[in-house]
Amino acid sequence: MPRRSPLPPPPPPVEIRTWPDREALLRDRAVILGELVKMFIGPGRLGVLWMWAGLAALGWSLVGAALLMFEDALDPFGMVPGVISLALGAAVLVPPVVLVGAGVARDLRVHRLLVEWGALDRDPAGDLALRLPRAGLAWLLTSCALCVAGLFGCVAVPATARAGEETYAMVAWLMGLGFLAWLTGLNGLVKAFAHRRWVLRVLVGPRAEPPVTVDR
């Protein structure tokens, strides 16, 4: 299981800030924003999302196999393998679903910290390293591909079933996989657009207030 770094604290209130000068503030801001950006949209985070999605797909595949076994069972004893497969599927499926939900909550906190620390001041030269255009593009393209594949699975599979080519258990299994792919892609798209919006509004866009002064 990947080890998560603790989140940095939010910026201190104006009345208790102790940076000796603007350069010190910018140094601390650059370090914290660099860590937050990696936590939010770094390449490692994309790998973690795909890993949890893969585990969830494996768990649902075991559940789908159980449904197929139930459908083909001729007597109660023939359902025993299905029950075992269903239990294994639930054991594999539930943890990644819970962890992805926790990851979404953590991403919301990370994004809030990005906005708060980014709003302290502007550093056009130093902020270039925070934009991560290649990472953002990777999140965007892979997530779009997953969304398209997931939506196709959710739409095309029922149409095939209506034509009498698939069983109900097979339809449930394939649609579940498509739904998981769509949710994973939607998660990635939201993060890609949120990062781009943060770059345009906080790092590049006009400031809503004058730069923060620090104690000298």
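The values are calculated or read from the model by the stated rules, or taken from the named source; none is laboratory data. For clarity, every value in this text was computed on a predicted model and none was experimentally measured. Here the Cβ is made from the backbone with ideal geometry for all residues, glycine too, and neighbour counts use every protein chain on show. SASA here: full protein model, heavy atoms, side chains in, ligands and nucleic acids out. Shrake-Rupley method; radii C 1.70, N 1.55, O 1.52, S 1.80 Å.
Can you bin the chain into rounded, prolate or oblate? Criterion: square roots of the alpha carbon gyration tensor eigenvalues sorted a ≥ b ≥ c, rounded for a/c under 1.5, prolate for a/b above b/c, oblate for the rest.
Judged from the Cα gyration tensor, the chain comes out prolate (a/c at least 1.5, a/b above b/c).
Averaging sequence separations of C-alpha pairs under 8 Å and six or more residues apart, then dividing by the length of the chain, give the relative contact order as a whole percent.
On the way: 229 pairs, mean separation 66.3, N = 216.
Answer for the chain is 31 percent.
Given a 1.4 Å probe and the protein chains all in place, what does the accessible area of Ile41 round to, in Å² to the nearest 10?
Only protein atoms counted, so the area is about 0 Å².
Does the range 90-158 come out rounded, prolate or oblate by the C-alpha gyration tensor, with a ≥ b ≥ c the root eigenvalues, rounded set by a/c under 1.5 and, if not, prolate when a/b is larger than b/c and oblate if not?
oblate
Just to verify a number: FRET efficiency for Thr167 and Cys144, C-beta to C-beta distance, R0 = 30 Å, to 0.05?
0.45
Hey, got a sec? Which trypsin sites (Lys or Arg not before Pro) in the range 1-81 land in a DSSP loop and have at most 10 other Cβ atoms within 10 Å? Can you show the working numbers first?
Details: sites: Arg3, Arg4, Arg17, Arg22, Arg27, Arg29, Lys38, Arg45; in loops: Arg3, Arg4, Arg17.
The qualifying sites are Arg3.
Suppose R0 equals 30 Å; then what is the FRET efficiency for Arg197 and Leu151 from their Cβ-Cβ distance, rounded to the nearest 0.05?
Approximately 0.80, to the nearest 0.05.
Could you calculate the FRET efficiency of Ala91 with Leu7 from 1/(1 + (r/R0)^6), where r is the beta carbon distance between them and R0 is 35 Å, rounded to 0.05?
0.70
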